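This report concerns only the one structure given below.
The values are calculated or read from the model by the stated rules, or taken from the named source; none is laboratory data. The structure presented is a predicted model; accordingly, all values stated were derived computationally and were not measured. Heads up, the Cβs are rebuilt from the backbone with ideal geometry, glycines too, and the neighbour counts pull from every protein chain shown. Keep in mind that these areas ignore ligands, DNA and RNA; they rest on the heavy atoms of the full protein, side chains included. Shrake-Rupley method; radii C 1.70, N 1.55, O 1.52, S 1.80 Å.
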Amino acid sequence: MTSDLIEVEWQYAALDTRPVVRWLTGSLPAGFTLERAGTKELDDTYFDTSNWHLHRAGYTCRVRRRGDSAELTLKSMAEPDEGIRSRREITEPLTSADISPAAAPGGCGAIIRAVAGRNPLLPLFRLQTQREVFNLADGHGLLAEVAVDETSIPVGEDRPIRLSRVEVEVEHQAVGRARAFVSEMVEANRLTTAGPSKFESALIATGQAVPPLTADLGPTTVAPELTAGEVAYAVLRKQFAVFRANEPGTRLGEDIEALHDMRVAIRRIRAAMAAFRPVLSLRMLRFRDQLGWVAAALGEVRDLDVQLERMEEWRSHFPPERAAALRAVEDILRQRRQVARKRMLLVLDSRRYERICEGFARALREGPPKSFAPGRVPILSVAPDMVERRYRRVRKLGDAVRKDSPPEAYHTLRIDAKKLRYALEFVGNGIYGKPAIEFSARVTAMQDVLGLHQDAYVAMDLLQEIADSSGRKLGPATLMAMGSITERYRLDAIDLRAKFPGVYRPIAGDEWKRLLKLMERERPAPPAQAPVSRVRAARPGPAV
């Protein structure tokens, strides 16, 4: 059976634990009692993939041998705060220590499979600990477990490295009650707050380090003296690093922001490829469609995350008895998310995904091909046309939008506004600076209104689709609540349409004029054409 709890403990380093044991078995601070609970021999092996998938997702993986059986534990990583570490600890029993952690049938195994995918788990190191345990109590009952540990870290043929630690594991609500005891123990024994955890110490002792998720892909700095190809590659490298950095958290699925950031990064990658299309080779452009397949899998889960986040907002508009009727809608969304997440993990676990990432990383490391002439054009020659082309598209669509325009017109404008904003980001800080940033803020303000407008229609369509597909199961109370929410979104959409002219009008204002003037001023003059010499044709000489 899997247990899932929050471990709260003080961790201290000791030069010698023997004085600590003598102090614990001597006279204690008033109000506390301590009972010796015996000695344990701990035999722990830590695991991860060759690419450190679990570590990047924020967990350590430990198998503790217990005779013929074993115990698998995933523990989140956290920095100490005033000596206290609070970490999530998920544990499940194993029938044998020889079972791969990824094959564990419970909650730990499910997390490992989601995070590691097809990558096998490998042993990192082994820790052997002799632990002396004491149960701490006060007048209100049991408070904490005090553990005095002597840990050895085998390091090949050398003598093992030893760690001496004192740990006080306490219930969260009892931290205040235990603090006086811990303070006196620390002062009496001159203990110091443990810096690195045992896991971190073992990595250092065994000479292991977590490498960057993506090896150095090349420069990511954007500057006006670069070529268009160099800027394009710098933008792509930066976004691909963000994309890969958020993959472990996306696989884990505990923080929806990891998936959001991963999806935004892949959007920016594909937007950059579209913006810099004229200066990118065909080989590089092929990755855009391939990454689109990945983006679709991420987007399906992210869209459901957004809808689930709104459930609390939806419920807040109803009294408790009516809000409860929305639980059935939430259940449907969660079931759909589970299915979508399985599909997403199949994509991330696939060899196709692996080949795409490896090929794209290799292309980014190689940089823009020197033989591809369009990529050698100065960025200051390319950027104005790239931005102006997207600006003209936004103006054409925006001028045509009216209050009674169909939702699709607003949505199309939103997509093109996003393309314009991304283009401004790509050439903003590093090239055009403040004017680009100020105009980008205008585009963002318009895009925010258009985004809320689109969200309203997406929510209305979703509620209608759920009513059509599952109406018989939901019941009258749920359907009535869904109808009320739909009406609220309809009114919100009307209000947002009324706000649109106010955020669209500044798009043609002073910020754009300043940026346009700057871009044209910085644009290099075209190379002068060499004069064409006119050579008079020689008259044929006399026949000989």
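Per-residue answers, yes or no, for (1) outside any loop (DSSP other than H, G, I, E, B); (2) free of Cβ contacts under 8 Å to residues at least 60 places away in the same chain; (3) open to solvent by 20 Å² or more (accessible area, probe 1.4 Å):
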{"position": "M1", "(1), (2), (3)": "no, no, yes"}
{"position": "E7", "(1), (2), (3)": "yes, no, no"}
{"position": "R64", "(1), (2), (3)": "yes, yes, yes"}
{"position": "A70", "(1), (2), (3)": "yes, yes, no"}
{"position": "R88", "(1), (2), (3)": "yes, no, yes"}
{"position": "I99", "(1), (2), (3)": "no, yes, yes"}
Flagged pairs (Cβ under 7 angstrom, 6 or more apart or on separate chains; first in the range 262-291, more than 14 Å from R237 (Cβ to Cβ); second hydroxyl-bearing (S, T, Y)) are M262/T250; A271/Y422; A275/Y422
> On the given criteria, is D255 closer than 24 Å to H55 by Cβ, surrounded by fewer than 20 Cβ atoms within 10 Å (Cβ to Cβ), under 22 Å from the mean Cα position of the chain (by Cα) and modelled with pLDDT of 95 or more?
Replying inline: no
Of the conditions (1) within 30 Å of D385 (Cβ to Cβ); (2) touching a residue at least 12 places away in the same chain (Cβ under 8 Å); (3) of a type outside the set (A, V, I, L, M), the single one that P527 does not satisfy is (2)
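Here is a yes/no grid of residues against (1) among the charged types (D, E, K, R); (2) in contact with a Leu (Cβ under 6 Å, 6 or more places away or on another chain); (3) within 18 Å of Y59 (Cβ to Cβ):
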{"residue": "D98", "(1), (2), (3)": "yes, no, no"}
{"residue": "A102", "(1), (2), (3)": "no, yes, yes"}
{"residue": "G107", "(1), (2), (3)": "no, no, yes"}
{"residue": "A110", "(1), (2), (3)": "no, no, yes"}
{"residue": "A137", "(1), (2), (3)": "no, yes, no"}
{"residue": "G141", "(1), (2), (3)": "no, no, no"}
Being small (G, A, S) and open to solvent by less than 30 Å² (accessible area, probe 1.4 Å) narrows A116, A37, A103, A30 down to just A116
Checked the range 439-453 for anything surrounded by 18 or more Cβ atoms within 10 Å (Cβ to Cβ) and touching a residue at least 24 places away in the same chain (Cβ under 8 Å); matches are F439, R442, V443, M446, Q447, V449, L450, H453
Going through the range 179-204 in order, the residues found to be of a type outside the set (K, R), assigned to a helix (DSSP H, G or I) and touching a residue at least 60 places away in the same chain (Cβ under 8 Å) are A180, F181, V182, E184, M185, V186, A188, N189, F199, A202, L203
Pairs returned, first residue in the range 134-163 that is in contact (Cβ under 8 Å) with a residue 60 or more places away in the chain, second residue that is hydroxyl-bearing (S, T, Y) and open to solvent by 60 Å² or more (accessible area, probe 1.4 Å), beta-carbon separation under 7 angstrom, 6 or more apart or interchain, are A137/T33
Of those in the range 303-317 that are touching a residue at least 60 places away in the same chain (Cβ under 8 Å) and open to solvent by less than 20 Å² (accessible area, probe 1.4 Å), the residue nearest to the chain's Cα centre (by Cα) is Q307
Of the residues in the range 148-174 that are surrounded by fewer than 18 Cβ atoms within 10 Å (Cβ to Cβ) and aliphatic (A, V, I, L, M), the one that is farthest from A37 (Cα to Cα) is V155
In the range 85-120, anything under 24 Å from E167 (Cβ atoms) and β-branched (V, I, T) is listed as I90, T91
Counting only residues in the range 9-56 that are free of Cβ contacts under 8 Å to residues at least 60 places away in the same chain and assigned to a helix (DSSP H, G or I), the one farthest from P120 (Cα to Cα) is identified as R22
Of the residues in the range 273-293, those that are open to solvent by 90 Å² or more (accessible area, probe 1.4 Å) and of a type in the set (G, A, S) come to none
* Test R536 against the stated conditions and say whether it is at pLDDT below 95 and surrounded by 11 or more Cβ atoms within 10 Å (Cβ to Cβ). => no
Every listed condition ((1) surrounded by 22 or more Cβ atoms within 10 Å (Cβ to Cβ); (2) closer than 30 Å to V339 by Cβ) holds for G229 save (2)
Residue count, the range 487-511, condition in contact with a helix residue (DSSP H, G or I) (Cβ under 8 Å, 6 or more places away or on another chain), under 17 Å from E313 (Cα atoms) and either touching a residue at least 60 places away in the same chain (Cβ under 8 Å) or open to solvent by 40 Å² or more (accessible area, probe 1.4 Å) (or both), comes to 3
